[in-house]
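All remarks here apply to the structure that follows.
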Amino acid sequence: MSYYSYSQYLQKIFGGKTYKVVVASGLTCPTRDGSLSKAGCAFCDLRGSSSYFGKKGRGTSVQQQLQARLPQVQARFGATRFLAYFQSYTNTYSDLDGLRQIYESALQEPQIQGLCIGTRPDCLADSVISLLEELAQRTYVSLELGIQSFEDTTLEWLARGHTAQDSIHALERLKKLAPHVHICAHLIFGSPTDSPHTARKASKILNQYPVQGAKLHQLMILKNTELGRRWNESQFHTLSLEEYAEQVIEFIENLHPTIYLERLCATASHSEECLAPAWSCNRWKPHNQLREILKKTHCQQGSALRSISSLTS
Ligand code: SF4
């Protein structure tokens, strides 16, 4: 295997397959509620980006959602271990009491072994980080951090409403205040504004922090998004699978071998809503092709890091 996979990581933490069950917290985000913007991030279509499942559950209690979904997942995959996955919107964007109630409600389900909490780096007050640490001392907590890029030109182009420094600041405070919280960094490669070494830069920054994992996405242009609007106005370059593979290889070869990779690329959940790149519409083929390319090029996680001391520091 060219890289430390998510299934290997889950095996190490839980001793076997563990399924993430998407659940809606009912919260919104600052790029949708008007605090920063009302338009959303430029790439985000809550339906097209597969967060829709979470949205469907809004208005139903966390526990009711889990009680409805767990038997289905169990029947379909024969699963016994589950994590409640707060995927859509910004799941730390509330007051402390509200957040505690949401998280505790998921943990009341006996089959739930822990929490995966998706959020933005600019929505992590110290008090929220302390709450996450408190929970992480008694159960598994993974923070899925939407860093997306460590380059401000790209963050601006994506209309994220936060900077690279906000992500670094969040990583610094998580390192200091939440040593038991696992961190999974979400990144997008392929914006026309990316510098040639955006992938290498990202892995080198992540290596400096106690980050457990990373999840990679190619830039996808979905209908009903700001990027879709820009694309219809004037098409711009999106990465071919081969060009994206180059980014993935550069990222993996510069990534510390202890950091798992949850996903190499994303899939458009509603292919008819994906404008580009066309290969994003296929669920398994691009992932398999990427794995083939990694094999052929002898890509090895961490191989570009200079010395053994840099791997152990
Ligand atoms: S990507 Fe996240 S923060 Fe941005 S608009 Fe979508 S849900 Fe909100």
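Before moving on, here are some points about what is shown:
- Rounded to the nearest 20 debye, the dipole magnitude of segment 98-143 is 80 debye, with +1 charges on Lys and Arg beta carbons, -1 on Asp and Glu beta carbons, and the Cα centre as origin.
- E243/H270 FRET efficiency (R0 25 Å; Cβ-Cβ; nearest 0.05): 0.55
- Modelled spin labels at H197 and F236, positioned 7 Å past Cα toward Cβ, are 2.3 nm from each other.
- Cysteine residues of the chain whose C-beta has no other cysteine C-beta under 4.7 angstrom: C29, C116, C123, C184, C265, C274, C281, C299.
- Distance in nm between pseudo-label sites at F77 and T153 (7 Å out along the Cβ direction from Cα): 4.0
- Solvent-accessible area per residue in the chain equals 45 Å², computed with a 1.4 angstrom probe and all protein chains kept.
- Intensity falloff of the chain expressed as log10 I(q)/I(0), Debye formula with alpha-carbon point scatterers, at q = 0.13, 0.15 Å⁻¹: -0.97, -1.35
- Take every Cα pair under 8 Å whose residues are at least 6 apart in sequence, average their separation, divide by the length of the chain, and the relative contact order is 19 percent.
- Separation of the alpha carbons by more than 19 angstrom is noted, of K12/K295; K38/K223; K17/K285, for K12/K295; K17/K285.
- Share antiparallel - DSSP beta bridges, the chain, percent rounded to 5: 5
- Computed magnitude of the charge dipole of segment 111-255 (debye, nearest 20; Cβ of K, R +1, Cβ of D, E -1): 320
- Volume in Å³ per residue [convex hull over Cα atoms, computed for segment 56-148]: 106
- Cα centre as origin, Lys/Arg/Asp/Glu Cβ charges: the chain dipole, Debye: 880
- Inter-site label distance for K38 and S61 at 7 Å from Cα along Cβ, in nm: 3.4
- Sulfur and carbon atoms: percent of accessible area, the chain [1.4 Å]: 50
- Highest mean packing comes first when the peptides 273-282, 147-156 are listed by Cβ atoms within 10 Å, giving 147-156, 273-282.
The values are calculated or read from the model by the stated rules, or taken from the named source; none is laboratory data. Nothing here was measured: the structure is a model prediction, and the numbers come from that model. Glycine gets a Cβ as well: all are built from the backbone with ideal geometry, and neighbour counts include every protein chain shown. To get the accessible areas, we keep the full protein, side chains included, count just its heavy atoms, and leave off ligands, DNA and RNA. Shrake-Rupley method; radii C 1.70, N 1.55, O 1.52, S 1.80 Å.
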